[in-house]
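I have placed the structure first, in the form of structure tokens, so that the comments after it can refer back to it.
Rule-based calculations on the coordinates, nothing more; no lab input. None of these values were measured; they are calculated from a predicted model. Counting neighbours? That spans all protein chains shown, and the Cβs are built from the backbone with ideal geometry, glycine included.
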Amino acid sequence: MEYNVVDTEDVPVTDLSTVDEMPPDLDIRAIDETLECQNIATKIWYFDEGEEIKYHAHSEQEELFYVLEGTFSLKLGQSGEEEYIEVDEGAFWVAAPKIGHGHRCISEDGGAVLALGAPPVEDPGLDPHSLADEEIDDR
């Protein structure tokens, strides 16, 4: 694939509550699958108030997030050194491999987050507390 273009509304919404292997029970648009991306995972996650992506880390994947709609409470950092930060539409944040991160929607009308991850490997969430004793690369 040399290039591809798609409108957000043309990407189907997947209800993850119907997929046993894929918590959390949120709706997503798998932009990367529609565009057949090879080098980056790209999703839009949709949240109702109180829904969240729990605090976790990845062994290889760096993730970049952008708030499209709503307000979110973030939990970021290495285990034992986590910070809580509140962000609104237009905010970016990034989590390097092995660094804990999670976010909860705190806006009444819900919210949406664009998530980009590279490399686009199957890299299930790890417990950041189990990584606390491992050496973390300086980034």
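Fewest Cβ neighbours within 10 Å first, please rank THR8, THR71 accordingly. It would help to have the intermediate numbers written out before the result.
Details: THR8 12, THR71 18.
Starting with the residue having the fewest Cβ neighbours, the order is THR8, THR71.
For the range 1-132, what does the equivalent ellipsoid look like in terms of its semi-axes, each the square root of 5 times an eigenvalue of the Cα gyration tensor, given largest first in whole Å?
On the way: eigenvalues 103, 69, 39 Å².
Here the semi-axes work out to 23, 19, 14 Å.
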